[in-house]
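Down below is the structure, laid out as structure tokens.
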Amino acid sequence: MRRTSPCGSGPGPDGIPRFGRWCLRGSGRLGPALDAFTSNARNRNLRRAQLSFLGAWTAEWAFTVGLGIVAYRSGGAAAVGLVGLLRMVPSAVLAPLLSPLADRGRRERVLVVVSTVRGLATAAAAALVAVDGPVAVVYALAVVSTIAATLFRPAHSALLPSLCHTGHELASANVVRGLLDSAATLIGPRLAAVLLGLSGVEMVFAVSAAASLWSAALVVGLRYDAPPRPDAGRASRLLPEAAEGLRAVASNGGLLLVFGLGAAQALTRGALTVLSVVAAIELLGTGESGVGALMTSVGVGAVLGSLAASLLVSTTHLGRWFALGIGLWGLPLAIVGSVPVEPVALGVLALIGVGNALVDVAGFTLMARMARDEVLARVFGVFESVVALSVGLGSLVASLLVERFDTSTALIVVGLVCPVLATLALSRLGRLDLAVGALDEDVTLLRGVSMLAPLPLPAVEGLARGLRPFEVAAGETVFRQGDTGDEWFVIESGTVDVLGDGQVVTTLGPGEGFGEIALLRDTPRTATVVAREDLHLRALCADHFVPVVLGHPHSTRRAGADVDELLDRFHPHEEE
């Protein structure tokens, strides 16, 4: 007797879809690590998208250093913290409200717009600083730039899966983006330090503006198979669509866990923007250029950490690596507070960069695999909102701790937050690893079906989330010729005979699918399918299967060709 669960899709007990286990095949990890980089270099769209990210985040880090100097000159540590908070609050509010725009139409268009806005706002700030203009206007332009920056990562994070075809390629893309993020962490502050020594803050802002505009130019004209999405012009729907993104996060326990730890990391990051300035000038006595040196140390560690993180591609412990990355964001600050010596500070702050690399690779890959593509930009928008608010709060908390106590105490208190929370979350992250580990088995199973092979990764994962177990005993019938078709099947184990007009036409085995003709041609079943042995199938409802297959030009053409071939095989008696 066959046993099947109701047709449909839904999350598991923890709000996490069933996924396949990632396995590192072979004895060594160097090959997969190298492939993580070469796969991005070979893919023109990924290459341009990744370089765009490098330009955007180099601009952000350089601009942050320059803005910190402007604020410190104006009002000391308290001003740095207040500006950090005021800069982030509008971003926290607007990111989830505007991110639905990236779930409409082509996502790279959002990247072009926000990078151009950032470039123009930063260029205007450079001109104001050059003529000693009002500091308040510089702060206002910084808010505009930061709002745009907050929208960049959700759109970019949601775009990457559509440029990939496998989970390994997506993990590789996040490895490469993590390396570029780390490189930006190194290049941006170092560039700011050099420009501060040679010229001034206005030059830092001008170079940041140029980097943002370069970022916009790179993603103009990306060519890829974008899935059908709603029209981008429906502004009246932004609020309901933003609420859908919030619901997608609130209903998924795995996403909530990653969001909570990400908020702790962002709070520490915000505190670092204040503490790096105060520690360099007041605690270590290295002056304004020392701020850039401290942040450069973070960047060096980030680059080294990203290279090490490339070895994690296709491992099964992304949640635990994520916990380690979160812990490494705080522990070095506590060490600097306890041992305020410049060589020690430069050494241990590099560990923050390592932690940042681990968080980027593990955290963003986990989120991309847990959320549905149609709400992916909104999920990342909510995350950026949480990050922006936490960064602003962290900068304010750090400045208050410095004012109330001293710099060393502030470093120790802030530094202990992430390690403690990461330790407490280890067991849940371990369960998250097990839950997320099942996706690639289903994706690999579906990829073996000819008509599904051309689909981008988000489309295949959408199908995988809708798969349901379906078992048939040996000798029993799966469906009969003439039945109404409402499901498509793929064989997990066992074999079936396909009978046309009572005669065996073909035999199908593991990895092969059947039942698509009735769904795609809207006709009754054209054949009878009987289990030759105990059969383990995965079933997919028509309302999951048909829109995806017919929603992408390449899979539509492949499906049409496959169906024509099957009809020729299943009805040989019709040939004259």
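The values are calculated or read from the model by the stated rules, or taken from the named source; none is laboratory data. Keep in mind that this is a model prediction, so the values were computed, not measured. Reconstructed Cβ throughout: ideal geometry from the backbone, glycine too, with neighbour counts over all protein chains shown. SASA here: full protein model, heavy atoms, side chains in, ligands and nucleic acids out. Shrake-Rupley method; radii C 1.70, N 1.55, O 1.52, S 1.80 Å.
Structure summary
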read-out: In Hz, Karplus ³J(HN,Hα) per residue of the range 202-207 (6.51, -1.76, 1.60; θ = phi - 60°; x = Gly, Pro); value: 4, 6, 4, 5, 5, 5
read-out: Correct option for log10 I(q)/I(0) by the Debye sum over Cα atoms at q = 0.06, 0.10, 0.11 Å⁻¹ [calculated from the coordinates] among [x] -0.30, -0.87, -1.06; [y] -0.26, -0.75, -0.91; [z] -0.34, -0.82, -0.96; value: [z]
read-out: Accessible area of Val478 in the full protein assembly, 1.4 Å probe (Å², nearest 10); value: 10 Å²
read-out: Carbon/sulfur fraction of accessible area - the chain, other protein chains in place, 1.4 Å, %; value: 63 percent
read-out: Bridge type composition, the chain - antiparallel percent by DSSP, nearest 5; value: 95 percent
read-out: CD proxy at 222 nm, helix term only [per DSSP H run n ≥ 4: -39500 (n - 2.57); per residue of the chain; nearest 500]; value: -23000 deg cm²/dmol
read-out: Anisotropy class of the range 380-516 from Cα gyration tensor, a/c 1.5 cut; value: prolate
read-out: Long-range HN-HN contacts of Thr506 with modeled amide H, under 5 Å; value: Val498
read-out: For the range 456-468, 3J(HN,Hα) per residue [Karplus equation, 6.51 cos²θ - 1.76 cosθ + 1.60, θ = phi - 60°, Hz, x = Gly/Pro]; value: x, 3, x, 5, 5, 5, x, 5, 4, 5, x, 5, 10
read-out: Only Lys, Arg (+1) and Asp, Glu (-1) charged, at Cβ; the chain dipole about Cα centre in debye; value: 1340 debye
read-out: Sparsely packed GluC sites (Glu not before Pro) within the range 461-492, loop by DSSP, other Cβ within 10 Å at most 14; value: Glu476
read-out: Between the range 520-555 and the range 35-64, the alpha-carbon center distance in angstrom; value: 39 Å
read-out: Probe 1.4 Å, accessible area per residue of the chain, Å²; value: 38 Å²
read-out: Residue among Gly330, Gln503, Met370 farthest towards the positive dipole end of the chain, charges placed on Cβ; value: Gly330
read-out: Met295 accessible area, 1.4 Å probe, all protein chains in place, Å² to nearest 10; value: 10 Å²
